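A.B. asks: To start, I am sharing the structure in question, which I have written as structure tokens.
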Amino acid sequence: MEYFLELFFGGLTRGSIYALLALGYTMVYGIIQLINFAHGEIYMIGAFTALIAASALSMLGLDGWSLLAIAGLAAVIYSAAYGFTLEKIAYKPLRKAPRLSPLISAIGMSIFLQNYVLLAQTSDFLSFPALIDEFPFMEDVTIIRSSELVIISVTALSTALLTIFIKFTGIGKAMRAVAQDRIMAMLLGVKVDRVISVTFIIGSALAAVGGVLISSHVGQINFYIGFIAGIKAFTAAVLGGIGSLPGAVLGGLVLGWTESFATGYVSSDYEDVFAFGLLVFILICKPSGILGRSSAEKV
Amino acid sequence: MPIKHENAPSIGKTASCDGYSLPASRRNLRDRLPKTGFNTLKSLGIALWFMFLTFPIMVIKVSPLEKTIEWRWSRLVYVGAGAFSLSMLWRFLIYRMEAGTSFKKPLQERLSLFFQRKKSRKATALAAAFIFAALFPFIFSTYQTSIMISALMYVMLGLGLNIVVGLAGLLDLGYVAFYAAGAYCYALLNHHFGVGFWTALPLAGAIAAVMGIFLGFPVLRLRGDYLAIVTLGFGEIIRLVLENWNEFSFGPSGIAGIDRPWDFGLGFTLRGHTIYLFYIVCLLVLLTMVVVSRLRNSRIGRAWIALREDEIACEAMGIDKTRTKLTAFALGATWAGFGGCLLAAKTTFINPASFTFMESAIILSIVVLGGMGSISGVILGAFILILMPEYLRAFSEYRMLAFGAAMVIIMVFRPQGLISATRKRYEFPEEKREGEKP
Amino acid sequence: MDGDQVLQVRGLTMDFGGLRALAEVDLDVGRNEIVALIGPNGAGKTTFFNCITSVHDPDRGDMIIQPPGKAPQRINGLKPNAVTELGIARTFQNIRLFKDMTVLENVMVGRHCRTRAGIAGAIFSTKQARAEERACMDFAFSMLAKVGLGNRADEKASELPYGAQRRLEIARALATEPFLLLLDEPAAGMNPSETDEMDRLVSRIREEGVSILLIEHDMKLVMSISDRIYVLDYGNLIASGTPQEVAGNSRVIKAYLGESFDA
């Protein structure tokens, strides 16, 4: 039972990170129908920024929660800025282009950003400081680590904030309008360019949160971490039903649990096979994902 | 002198994102360009933005273990200067593109007209290309020939994927799975049973095709991007299985010592083998080109394109959707199988690391970059994408950076691909046209 | 089903969620007949077409066709392409051409289900395949000539003017050699002279032995070419009969002009 709970919380942690990333994918996809392949790289840049900021600040004598807060904030700001710039350079000029062109541009950006970090920093794994302290009250608990608890709660909080933002603010409403019908929204005076920028900024900020948390939990990063995480998170978004925010979270969690239990009970070698196998299986049974609405084309 | 838009009514700025106000936005650009002062200021702002953006990653380098920080301030200056000039150039190019003074399109049209007017010209060009290809391995070094072999292999893979993506419009991100199937087919048959290249080649194609049908059957009812992600997942599953199923595939260490194509007992040297393989690849590329161009203008090819354009209308024309998709999938896979078999024969060693998602992405990029559905486009795309990193070795570590940037830049300035596909014109006696006018 | 009918629909019912798009609709099309299906917007006319062509699967009801010289056959649950192959072709309300193909190729796609060349034939360019391709091209061209687009065969379909696109859709549908042609608002958006031309075209198609079921809003066109008219309103069949009978029907007038008009 204890082993089961350990795997359960391990999966929940992993799934939370996938969920944070998947939200970015699903929001961008909902609004401009683009698979933002460079999203994983934004997450990686967030992790690097946090590492750099944390290392620099710890040499100035900062530590504990304040260090986490400042490094995290730096990561969020920088990732958001990268996401914003990425959209302006690689996707905005391609709004009217054939559907696959922005996808290629995204793949190009992903390669570019990986090599940018590789060249400017290093190709080696860097050890990431444990920014999340062990809680004193958690000393006797074995089934869940403090950092896991933090990751799960931060994800829950971010998701809640995002939901409130989308539901109740003006720009949130504009985002929903653009996702439903971009041209109609535009005719009604919604500033579509701005909505798209905000979408990228929010998605990138969420990715940065995920990047900082998981790096602190795992303890090492390199320039390539974004790629795998990105593919997994996109898988999670599709699993849950792309375009749907609750779907992205659910998809992330389901994916996390699948990987965790499969690794724990079956074989760790085939972790990713289970993840993708689950995706293929679900899409074949329910082509629009778990929470996705099937959209019939009007004839 | 380009047409002026002075009289074009300005339709509000909100519309600028969907092309409803093209004349107005063009006019804005026209008005803005001469104001050098404003442009400089804007570029300056962009330069500052990029200096901010790249600050932590470019300037600070930490080593967490030794607890040291290295500050590299000089880089900030380079970034600023670079971003400033690039942003000036970028906006100038965007302006030129939107004002329609780009010179590339007329060039393409002029070229195709040049070849259409006289058939002999096309024959001459083809003959020249043929002679060049025949002499290539004797003019250039083994190393160059070997690079050219890879480029041609990617031409083949690109043309194969072009059937699936370019003609049938099915976004396949797991093409590499069939490539792997072909490679392992030859490698394993050769390892266990000593099967030769020429026997394995058709088998590799057939196995890949069967796999294509096997995969295609359940997933082809998925639409667009769902299909993309499922094929991506499938590609990854195949790679992971190859990596972990040691008894079958020898795991990550792969299979070494695969035979090169039989040399008729002539005892080729390494160079001899390379030249031999070069001709084999040339032959296969030629074959692929003939097959794809014939298919494209056939009953099946039209069905593929119709399916890409409009699935519902396509079915209403009596076309079996599933079957048409499956044929495209299986045929595309066949060529990946051939490509994999060639890869195994070329490198004599394969392991799962050659079949990552990046490989699928590169092949897809060849198709989209070159121009979807266009054969010459795919050839051009393959040469650019495969030869560029090779010849960029002068910049050694910067080559992948330049490669990624080039992909973005080409897409931004030529979103429809370098060469756009053209449809066949059918010839009819003129009197028939005139006679049957209503 | 007697020998003079080509289509017999009984009790066709279709629900979308809670909305009943078609309620127990009965409809017949006789051999060589032009039948019109009219009704206000949202009455379920296009849904009816979509059921017959298997785009939608109706919840209840029978759709039976009788191709010339063959036994009657129920077409419920067939795949859309199978329905076309049996001899029912359609056009679309919001034109659905293959935009990137030439005009002629669009029509050649319509020949797909009447030709057989396979992959091998195409790759090896066999004599048989070439002959078939040639025949397909000639047939397609004659269809284009029939709708008056013979001199535009090489243009891109998306570059044709609106009226010509509608006629191209008809040519494409005719290329499948149907015995029953379903036309979804063939004259929508056309000017009077184009509508007249459409009138003549539809009559000409009927003379060649094709039965026609059409949805149309242009009452002048409907009254002049139809043999019989069916009127749908909110999924219910409210009237049917000859143009004169329908024009005098008070329920039809009510449906079109509203309740208050009745006084």
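A.B. asks: Among what's in segment A:136-157 and is of a type in the set (Ser, Thr, Tyr) and open to solvent by less than 20 Å² (accessible area, probe 1.4 Å), pick the residue that is farthest from the other protein chains (Cβ to nearest Cβ).
C.D. replies: Here the residue is A:Thr155.
A.B. asks: Restricting attention to segment B:391-409, and to residues there that are open to solvent by less than 50 Å² (accessible area, probe 1.4 Å) and either within 12 Å of the chain's Cα centre (by Cα) or closer than 15 Å to B:Ala151 by Cβ (or both), which single residue is modelled with the lowest pLDDT?
C.D. replies: Result: B:Leu392.
A.B. asks: Let me ask another. Sort out which residues of segment A:36-60 are farther than 13 Å from A:Ser79 by Cα, open to solvent by less than 10 Å² (accessible area, probe 1.4 Å) and outside any helix (DSSP H, G or I), and write them in order of number.
C.D. replies: A:Asn36
A.B. asks: Could you please find all residues in segment B:184-216 being touching a strand residue (DSSP E or B) at 6+ places or on another chain (Cβ under 6 Å) and closer than 18 Å to B:His273 by Cβ?
C.D. replies: The one that is touching a strand residue (DSSP E or B) at 6+ places or on another chain (Cβ under 6 Å) and closer than 18 Å to B:His273 by Cβ: B:Ala187.
A.B. asks: Moving on. Condition check: at pLDDT 70 or above, farther than 22 Å from A:Ile45 by Cβ and buried (at least 17 other Cβ atoms within 10 Å of the Cβ). Does B:Met88 satisfy that?
C.D. replies: yes
A.B. asks: Against the definition (of a type outside the set (Phe, Trp, Tyr) and surrounded by fewer than 17 Cβ atoms within 10 Å (Cβ to Cβ)), how does B:Leu307 come out, yes or no?
C.D. replies: No, not satisfied.
A.B. asks: Output the residues belonging to segment C:111-145 that are buried (at least 20 other Cβ atoms within 10 Å of the Cβ) and closer than 19 Å to C:Met198 by Cβ.
C.D. replies: C:Met143, C:Leu144, listed by residue number.
A.B. asks: Quick check on segment A:16-29. Is at least one of its residues under 19 Å from A:Leu255 (Cα atoms), among the polar types (S, T, N, Q) and buried (at least 24 other Cβ atoms within 10 Å of the Cβ)?
C.D. replies: The answer is yes, given that some residue of segment A:16-29 is under 19 Å from A:Leu255 (Cα atoms), among the polar types (S, T, N, Q) and buried (at least 24 other Cβ atoms within 10 Å of the Cβ).
A.B. asks: Where the second residue is outside any helix (DSSP H, G or I) and at pLDDT below 80 and the first is more than 13 Å from chain B (Cβ to nearest Cβ) and lies in segment A:56-84, which pairs have Cβ atoms under 6 Å and are six or more apart or on separate chains?
C.D. replies: Between residues of segment A:56-84 that are more than 13 Å from chain B (Cβ to nearest Cβ) and residues that are outside any helix (DSSP H, G or I) and at pLDDT below 80, the close pairs are A:Leu68/A:Leu131.
A.B. asks: Can you spot a residue in segment C:175-186 that is part of a helix (DSSP H, G or I) and more than 7 Å from every other protein chain (Cβ to nearest Cβ)?
C.D. replies: Checking segment C:175-186: not a single residue is part of a helix (DSSP H, G or I) and more than 7 Å from every other protein chain (Cβ to nearest Cβ).
A.B. asks: Another question, if that's okay. Hey, among the residues in segment C:146-166 that are open to solvent by 50 Å² or more (accessible area, probe 1.4 Å), within 15 Å of B:Arg425 (Cα to Cα) and not basic (Lys, Arg), which one's farthest from the other protein chains (Cβ to nearest Cβ)?
C.D. replies: C:Glu155
A.B. asks: Still on this structure, I have one more. Residue check: is A:Lys92 without any contact (Cβ under 8 Å) to a residue 40 or more places away in the chain, open to solvent by 50 Å² or more (accessible area, probe 1.4 Å) and part of a helix (DSSP H, G or I)?
C.D. replies: So A:Lys92 does not fit the description; no.
A.B. asks: Within the set of pairs 6+ apart or on separate chains, which have a first residue in segment B:310-323 that is facing another protein chain (nearest Cβ under 7 Å) and on the phi > 0 side of the Ramachandran plot, a second that is open to solvent by less than 10 Å² (accessible area, probe 1.4 Å) and outside any helix (DSSP H, G or I), and C-beta atoms under 9 Å apart?
C.D. replies: Sorted first by the residue in segment B:310-323, then by its partner, the pairs are B:Gly318/C:Ala89; B:Gly318/C:Thr176.
A.B. asks: If you don't mind, another one. Restricting to segment A:119-137, name every residue that is in contact with a Leu (Cβ under 7 Å, 6 or more places away or on another chain) and part of a helix (DSSP H, G or I).
C.D. replies: A:Leu119
A.B. asks: Also, I was wondering about something else. When you check B:Leu284 against the structure, is it in a helix (DSSP H, G or I), closer than 22 Å to C:Asn94 by Cα and out of contact with any Pro (no Cβ under 6 Å at 6 or more places or on another chain), yes or no?
C.D. replies: It is false that B:Leu284 is in a helix (DSSP H, G or I), closer than 22 Å to C:Asn94 by Cα and out of contact with any Pro (no Cβ under 6 Å at 6 or more places or on another chain).
A.B. asks: A further question on this structure: What residue, of B:Arg423, B:Arg399, B:Arg393, is touching a strand residue (DSSP E or B) at 6+ places or on another chain (Cβ under 8 Å) and not β-branched (Val, Ile, Thr)?
C.D. replies: From the options B:Arg423, B:Arg399, B:Arg393, the qualifying one is B:Arg423.
A.B. asks: Something else: Would you say A:Asp133 is over 20 Å from the mean Cα position of the chain (by Cα) and more than 10 Å from chain B (Cβ to nearest Cβ)?
C.D. replies: Answer is yes for this residue.
A.B. asks: Suppose the filter is surrounded by 24 or more Cβ atoms within 10 Å (Cβ to Cβ) and in a helix (DSSP H, G or I); does B:Gly337 pass it?
C.D. replies: yes
Residue by residue, here is whether (1) open to solvent by 10 Å² or more (accessible area, probe 1.4 Å); (2) in contact (Cβ under 8 Å) with a residue 40 or more places away in the chain; (3) touching a helix residue (DSSP H, G or I) at 6+ places or on another chain (Cβ under 8 Å) holds:
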{"residue": "C:Leu168", "(1), (2), (3)": "no, yes, yes"}
{"residue": "C:Ala175", "(1), (2), (3)": "no, yes, yes"}
{"residue": "C:Pro178", "(1), (2), (3)": "yes, yes, yes"}
{"residue": "C:Leu183", "(1), (2), (3)": "no, yes, yes"}
{"residue": "C:Ala187", "(1), (2), (3)": "no, no, yes"}
{"residue": "C:Met190", "(1), (2), (3)": "yes, no, yes"}
{"residue": "C:Leu201", "(1), (2), (3)": "no, yes, yes"}
{"residue": "C:Gly209", "(1), (2), (3)": "yes, yes, no"}
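A.B. asks: Output the strands (runs of 3 or more DSSP E) that fall wholly within segment C:34-137 and possess 1 or more residues being free of Cβ contacts under 8 Å to residues at least 60 places away in the same chain and more than 10 Å from chain B (Cβ to nearest Cβ), or say none.
C.D. replies: Fully inside segment C:34-137 and qualifying: C:60-65.
A.B. asks: Residues that are in contact (Cβ under 8 Å) with a residue 60 or more places away in the chain, surrounded by 21 or more Cβ atoms within 10 Å (Cβ to Cβ) and within 13 Å of another protein chain (Cβ to nearest Cβ), at least 3 per element: which helices (runs of 4 or more DSSP H) completely within segment A:204-299 meet that?
C.D. replies: Here the list reads A:225-240, A:245-261.
A.B. asks: Could you please let me know if C:Met143 is assigned to a helix (DSSP H, G or I), touching a helix residue (DSSP H, G or I) at 6+ places or on another chain (Cβ under 9 Å), more than 9 Å from chain B (Cβ to nearest Cβ) and closer than 29 Å to C:Val9 by Cβ?
C.D. replies: When the stated conditions are applied, C:Met143 passes them.
A.B. asks: Continuing with this model, one more query. Checking B:Leu364 against (1) modelled with pLDDT of 80 or more; (2) more than 11 Å from chain A (Cβ to nearest Cβ), which single condition isn't satisfied?
C.D. replies: In the conditions (1) modelled with pLDDT of 80 or more; (2) more than 11 Å from chain A (Cβ to nearest Cβ), B:Leu364 misses (2) alone.
A.B. asks: Answer yes if at least one residue in segment B:238-246 is open to solvent by less than 10 Å² (accessible area, probe 1.4 Å) and either among the β-branched types (Val, Ile, Thr) or touching a Ser or Thr at 6+ places or on another chain (Cβ under 7 Å) (or both), and no otherwise.
C.D. replies: no
A.B. asks: Pick out the one residue from B:Ala336, B:Ala306 that is in contact with an Asp or Glu (Cβ under 9 Å, 6 or more places away or on another chain) and either of a type outside the set (D, E, K, R) or at pLDDT below 90 (or both).
C.D. replies: Being in contact with an Asp or Glu (Cβ under 9 Å, 6 or more places away or on another chain) and either of a type outside the set (D, E, K, R) or at pLDDT below 90 (or both) holds for just one of B:Ala336, B:Ala306, which is B:Ala306.
A.B. asks: With respect to A:Tyr3, determine if the residue is within 10 Å of the chain's Cα centre (by Cα) and within 25 Å of A:Glu148 (Cβ to Cβ).
C.D. replies: no
The values are calculated or read from the model by the stated rules, or taken from the named source; none is laboratory data. Everything numeric in this text was worked out from a predicted model, so none of it was measured. With ideal geometry, Cβ positions are generated from the backbone for all residues, glycine too; neighbour counts draw on all protein chains shown. Only protein heavy atoms, including side chains, enter the accessible area calculation; ligands, DNA and RNA are left aside. Shrake-Rupley method; radii C 1.70, N 1.55, O 1.52, S 1.80 Å.
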